[in-house]
Amino acid sequence: MQGKLTRDDNAGAVGSAALSVASLFFIAIMIIAFTANPVAIGTDVGERAPDVEGKAYNGTSWVEFDFESYFDNSWEEGNISGQWVAIEFMDTDCPYCQQTADEYGQWANTYSANNPNWNGPHVNFLASATELDIPGHETSRAEIQDFRAEYGHNFPYIDDIDQDNMKEWGIPGTPTYFLIQPDGIIAWVSDDSNEDLEQAIVRLTPQEGA
Amino acid sequence: MLDNLLVAAYLLPTLFGLLLVTPFGKSAGDSLAGRFEILSTERGRITAGLQMIVFFGFAVSAQTFWISSKISEGGNFCTSSSVFSCDDLLGNNDLNVDPLFGLSWGMLGMMTFAFLLFMVLVIKNEPDGEYTERFITFGTLITGVGILVILLLVSYEIQESKICLYCTTAHIANVAALIGFLRLRKLYDDKSAWKGKSN
């Protein structure tokens, strides 16, 4: 059996350069891998929560919403002073959102630093109000304000009528709830769970004397 | 403050490489030729300058990729309320990846400069080899396309009203490498100058 060999006079230069560059690339990647531990952005547990953008109604006016301001990257697990975030993706015309609105408002009052009977961290409640593509679900900022007032909620409602946040978060339907750690990492998602938000707060947040 | 000093560690060698690839680098090359023989010819000066430029372009790209990774981890590196805040750009999840494949700009920079470095090393070690002309053309094309990418990234900086000094250093390295490849092309077309032992 005869093999066919080809002579490449430049193989030495090419091979040596390729080896040098590949080694350099490998070393750089290893240094990055060993010194950084990037966290993916996403809506699964353990991922960093995507941004929530838009105007928010705070009870008096619609103001620019700054989701990042709710988080402290230096928070460490077990630290009771960090503030958690609970966010509900909802539609004011969704019957189940209406049914659970009272309960959501009660939880906002219960898991608050203002409640002396709660020995855990303050949980900031938020609602992102969208308009589902279903006939009869047309909404407006006025309707969102009325909904908030009707259920006596005192937390911000974010205008997501254009569904931007809903799409960014991949929300399959309303209502969908998330519980987010003080460092912005998602701790619990209602879609993956048999427990409700209240049970998740009690189970996951650090509490004094626990 | 420390992060600005670190930028200088990438920027100064890149600028020195740029000096070497331009005609203004002749006197600097001549003064160093006794120690580094390669600098005694114009071709040697340009390839040495290019090697320096693309190596530090690679290094600063790796640094931006590392900064992006640290920010996603929850840390910060060069946060500043001034216009020079790379964290605001490298930590922006909408802007720190390319719009086609979602790859980090830092990683793309690393791959591009690594390939450029490979080509420069081949040209430097085998200047009369069969790959030389092809690699000079590739290098010119890649760094030329890089100019379009730089324009896109600068538009992000204008949009955010922030400047990322690490990214700017990588952009300078790309422009300097383009100048180097164009100078190399000109020299290669003049066969006598390309083969010249000294100038």
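The values are calculated or read from the model by the stated rules, or taken from the named source; none is laboratory data. In this text the structure is predicted, and so the values were computed from the model without any measurement. Neighbour counts are summed over all protein chains in view; Cβ atoms, including those assigned to glycine, are modelled from backbone coordinates with ideal geometry. In case anyone asks, the SASA skips ligands and DNA or RNA and just uses the protein heavy atoms, side chains included. Shrake-Rupley method; radii C 1.70, N 1.55, O 1.52, S 1.80 Å.
In nanometres, what is the gap between the two model label sites at A:Asn114 and A:Asp44, each 7 Å from Cα along Cα-to-Cβ?
3.8
Using a simple charge model, +1 on the beta-carbon of Lys and Arg, -1 on the beta-carbon of Asp and Glu, nothing else, what dipole does the stretch B:114-199 show about its Cα centre, in debye to the nearest 20?
Details: 9 positive and 8 negative charges, 52 e Å.
Here the stretch B:114-199 has a charge dipole of around 240 debye.
Out of the total accessible area of chain B (probe 1.4 Å, heavy atoms of protein only), what percent is carbon and sulfur? Numbers along the way, then the final one.
On the way: 6170 of 9360 Å².
Answer for chain B: carbon and sulfur cover 66 percent of the accessible area.
Heavy atoms only, 1.4 Å probe, whole protein assembly: order B:Ile46, A:Ile41 by accessible area, highest first. The partial results should precede the final answer.
Values: B:Ile46 0, A:Ile41 70 Å².
Result of the area sort, largest leading: A:Ile41, B:Ile46.
Stick to the Cα atoms of the stretch A:131-179, pair each with every other, and give me the Kirkwood hydrodynamic radius in Å at one decimal. Numbers along the way, then the final one.
Numbers: mean 1/r = 0.0827 Å⁻¹.
Its Kirkwood hydrodynamic radius stands at 12.1 Å.
If the elastic network links every pair of Cα atoms under 10 Å, which of A:Gly152, A:Gly82, A:Gly184 fluctuates the most in the Gaussian network model of chain A?
Highest fluctuation among the options: A:Gly152.
Assuming R0 = 30 Å, what is the FRET efficiency of B:Val175 and A:Lys167, from their Cβ-Cβ distance, to the nearest 0.05? Intermediate results must be reported in sequence, preceding the final value.
Values: r = 38 Å, r/R0 = 1.26.
Given R0 = 30 Å and the Cβ-Cβ separation, E is 0.20.
Output needed for chain A: three equivalent-ellipsoid semi-axes, defined as square roots of 5 times the C-alpha gyration tensor eigenvalues, in descending order, whole Å. List each step's numbers first, then the result.
On the way: eigenvalues 456, 109, 47 Å².
Equivalent ellipsoid semi-axes, largest first: 48, 23, 15 Å.
Pop out the ³J(HN,Hα) list for the stretch B:83-99 in order, Karplus 6.51 cos²θ - 1.76 cosθ + 1.60 with θ = phi - 60°, rounded to Hz; leave Gly and Pro as x.
Couplings: 5, 8, 9, 6, 4, 5, 9, 6, x, 7, 5, 7, 9, 8, 10, 6, x Hz.
To the nearest 20 Debye, how big is the dipole of chain B about its Cα centre, given +1 on the beta carbon of each Lys and Arg and -1 on that of each Asp and Glu?
Details: 14 positive and 17 negative charges, 160 e Å.
That gives chain B a dipole magnitude of about 760 debye.
Considering amide H positions built from the backbone, and no H for Pro or chain starts, which residues 5 or more places from A:Ile41, or on another chain, come under 5 Å of its amide H?
A:Arg48
Would you calculate, for chain B, the mean residue ellipticity at 222 nm contributed by helices, counting each DSSP H stretch of 4 or more residues as -39,500 (n - 2.57) and dividing by all residues, to the nearest 500?
Working: 8 runs with 144 residues, N = 199.
Here the helix-only value at 222 nm equals -24500 deg cm²/dmol.
Apply the Karplus curve 6.51 cos²θ - 1.76 cosθ + 1.60, θ = phi - 60°, to the phi angles in the stretch A:83-95 and return the couplings in whole Hz, x for Gly and Pro.
Karplus values, whole Hz, x for Gly and Pro: 8, 8, 10, 10, 10, 10, 8, 9, 9, 4, 9, 7, x.
Give the accessible surface of the protein assembly as shown per residue, rounded to a whole number of Å², with probe radius 1.4 Å and ligands, DNA and RNA excluded. Show your work: numbers first, answer last.
Details: 20570 Å² over 409 residues.
The answer is 50 Å² per residue.
Could you report the buried accessible area between A and B, both sides summed, computed with a 1.4 Å probe and given in Å² to the nearest 100? Walk me through the numbers before you get to the answer.
Numbers: alone 12280 and 10330 Å², together 20570 Å².
Buried area (both sides, nearest 100 Å²): 2000 Å².
Which FRET efficiency, nearest 0.05, do B:Phe16 and A:Asn37 yield, Cβ-Cβ r, R0 25 Å? Write out the running numbers ahead of the final one.
Working: r = 35 Å, r/R0 = 1.39.
According to the calculation, E is roughly 0.10.
What is the angle, in °, between the Cα long axis of helix B:2-21 and the longest principal axis of the Cα atoms in chain B? Nearest 10 is fine, range 0 to 90.
Once rounded, one gets 20 degrees.
Taking all pairs of different Cα atoms in the protein assembly as shown, averaging 1/r and flipping that mean, what Kirkwood radius in angstroms comes out?
25.0
Run the simple label-point estimate for B:Ser40 and B:Leu103 please: 7 Å along Cα→C-beta, distance reported in nm.
Between B:Ser40 and B:Leu103, the label points sit 4.1 nm apart.
Please state the charge dipole magnitude for the protein assembly as shown, taken about the Cα centre, from unit charges on C-beta atoms (+1 on K and R, -1 on D and E), reported in debye and rounded to the nearest 20.
On the way: 22 positive and 52 negative charges, 770 e Å.
Taking the Cα centre of the protein assembly as shown as origin, the dipole is about 3700 debye.
Of B:Ile172, B:Val122, B:Ser104, which is farthest along the charge dipole of the stretch B:2-195 in the positive direction, counting Lys and Arg as +1 and Asp and Glu as -1 at C-beta?
Towards the positive end, the residue furthest out is B:Val122.
Aspartates and glutamates near B:Lys195 by alpha-carbon distance under 16 Å, same-chain residues fewer than 8 away left out - which ones?
Once the sequence-local aspartates and glutamates are set aside, what remains near B:Lys195 is B:Glu37, B:Glu42, B:Glu126, B:Asp128, B:Glu130, B:Glu133.
Per-residue HN-Hα couplings for the stretch B:179-194, Karplus 6.51 cos²θ - 1.76 cosθ + 1.60 at θ = phi - 60°, whole Hz, x for Gly and Pro?
Values, residue by residue: 4, x, 5, 5, 5, 5, 4, 4, 5, 5, 5, 9, 4, 5, 5, 4 Hz.
Pop the C-beta distance of B:Phe24 and A:Met30 into the FRET formula with R0 = 45 Å and round what comes out to the nearest 0.05.
Values: r = 38 Å, r/R0 = 0.85.
Working from the Cβ atoms, E equals 0.75.
Report the percentage of all Cα-Cα pairs in the stretch B:2-195 whose separation exceeds 23 Å, rounded to a whole percent. Write down the numbers at each step before the final one.
On the way: 8162 of 18721 pairs.
I get 44 percent for the Cα pairs in the stretch B:2-195 exceeding 23 Å.
Picking from A:Ile158, A:Ile180, A:Ile31, which is most flexible by a Gaussian network model of chain A using Cα springs under 10 Å?
Top of the fluctuation ranking is A:Ile31.
Considering only protein heavy atoms, what is the solvent-accessible area of A:His122 at a probe of 1.4 Å, reported in Å² to the nearest 10?
Taking all protein chains as shown, A:His122 has close to 50 Å².
May I ask which of B:Lys124/B:Lys162; A:Lys55/B:Lys162; B:Lys70/B:Lys124; A:Lys4/B:Lys191 have a Cα-Cα span longer than 29 Å here?
On the way: B:Lys124/B:Lys162 38 Å; A:Lys55/B:Lys162 23 Å; B:Lys70/B:Lys124 36 Å; A:Lys4/B:Lys191 34 Å.
Going by Cα-Cα distance, B:Lys124/B:Lys162; B:Lys70/B:Lys124; A:Lys4/B:Lys191 fall outside the 29 Å limit.
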